[in-house]
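Peer 1: Take this structure first; my questions come after.
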Amino acid sequence: MKYRMMVRNLFTDMYYFFNGEQPIGLRDLLENYGNEPLLLAFIGDLQEALKIPYNDVMQEAYQFYCKFCERELTEEDWDAAVKEIGEFGQKWQNNWCRGLILALLELLEREEKERKAAQEKNGEDVAQEAQELEPAA
């Protein structure tokens, strides 16, 4: 899906932003990602990000997202995701970390909602095609 590439690019850009390896400004980030909640989580509470090893947090958060993205999640998957978020929160008791992981959860929920809407639309299209192919007699 379109989100995985955006997430990867945003994590890469934020790595450059935090570590100063490549000049990237806040204006550039806003132009590229707009009001994406994940960007807002990254740039919100920056003073909190400086209190922890932010590169480790970003790596862990990105791995969490990759584990659950781009696939249909079962109830057990959602339970596992919530459990991992709780463990992440316990490990990194920090507002910036909490905002980051919750933004990724919101992104997974957004993906799921769009996937279900596409499946419903495809189901309606298939049903309509089948109805059109039925003989009139």
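The values are calculated or read from the model by the stated rules, or taken from the named source; none is laboratory data. Note that the coordinates shown come from a computational prediction; the quantities given were computed from them, not determined experimentally. Reconstructed Cβ throughout: ideal geometry from the backbone, glycine too, with neighbour counts over all protein chains shown.
Peer 1: Of the residues Asp13, Asp79, which is charged (D, E, K, R), in a helix (DSSP H, G or I) and exposed (fewer than 12 other Cβ atoms within 10 Å of the Cβ)?
Peer 2: Numbers: Asp13 fails: exposed (fewer than 12 other Cβ atoms within 10 Å of the Cβ).
So the residue among Asp13, Asp79 that is charged (D, E, K, R), in a helix (DSSP H, G or I) and exposed (fewer than 12 other Cβ atoms within 10 Å of the Cβ) is Asp79.
Peer 1: Surrounded by fewer than 19 Cβ atoms within 10 Å (Cβ to Cβ), modelled with pLDDT of 95 or more and closer than 17 Å to Leu105 by Cα: does that describe Pro37?
Peer 2: Considered against the rule, which asks whether it is surrounded by fewer than 19 Cβ atoms within 10 Å (Cβ to Cβ), modelled with pLDDT of 95 or more and closer than 17 Å to Leu105 by Cα, Pro37 comes out as yes.
Peer 1: Taking the stretch 84-103 only, how many residues are crowded, with 16+ Cβ neighbours inside 10 Å and in a loop (DSSP other than H, G, I, E, B)?
Peer 2: 2
Peer 1: Looking at the stretch 83-122, which of the residues that are aliphatic (A, V, I, L, M) and over 14 Å from the mean Cα position of the chain (by Cα) is modelled with the lowest pLDDT?
Peer 2: Here the residue is Ala118.
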